[in-house]
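Data block below; observations after.
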């Protein structure tokens, strides 16, 4: 089954996402910030990344740009999963190269649906 990298600094959010995804057969890996996420993505080459935006150090926008500018990781689809719900945030996230943008709180069913749809695309 597909490997999904969750990059989020909230242990609660990570737990909810991991539980939902793993209960539907996905494998998961976790990074607590953008720098760790970039490093891990380069090592494990996940099939999909769920990326938070507001994190210490390298934020989700910066991490997305770094991953999409790297030939080894540019093909990995990134879905922003964030509390930043303004239209400008959404537009900026998509301009950084994210394939989609979900605003927290995201129901477990919606998260799984988005993972399945993105991986099928």
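A few notes on this one:
- Count of segment 49-58 residues, restricted to those that are surrounded by fewer than 22 Cβ atoms within 10 Å (Cβ to Cβ) and in contact with a helix residue (DSSP H, G or I) (Cβ under 6 Å, 6 or more places away or on another chain), is 2.
- Verdict on residue 53 being in contact with a strand residue (DSSP E or B) (Cβ under 6 Å, 6 or more places away or on another chain), in contact (Cβ under 8 Å) with a residue 12 or more places away in the chain and either part of a helix (DSSP H, G or I) or within 21 Å of residue 16 (Cα to Cα) (or both): yes
- Filter result for residue 64 (in contact with a helix residue (DSSP H, G or I) (Cβ under 8 Å, 6 or more places away or on another chain), buried (at least 18 other Cβ atoms within 10 Å of the Cβ) and in a helix (DSSP H, G or I)): yes
- Flag for residue 40 being under 15 Å from residue 6 (Cα atoms) and touching a helix residue (DSSP H, G or I) at 6+ places or on another chain (Cβ under 9 Å): no
- Candidate set: segment 1-15, residues that are closer than 20 Å to residue 119 by Cα and free of Cβ contacts under 8 Å to residues at least 40 places away in the same chain; chosen: the one surrounded by the most Cβ atoms within 10 Å (Cβ to Cβ): 14
- The residue that is nearest to residue 77 (Cα to Cα), among those in segment 16-50 that are in contact (Cβ under 8 Å) with a residue 60 or more places away in the chain and not in a loop (DSSP other than H, G, I, E, B), is 48.
- Subset tally (residues that are assigned to a helix (DSSP H, G or I), surrounded by 15 or more Cβ atoms within 10 Å (Cβ to Cβ) and over 12 Å from the mean Cα position of the chain (by Cα)) for segment 73-107: 3
Here, each number is a calculation from the coordinates, and none is a lab measurement. All values reported here derive from a predicted model rather than from experimental measurement. Virtual Cβ from ideal backbone geometry, glycine too; neighbours counted across all protein chains shown.
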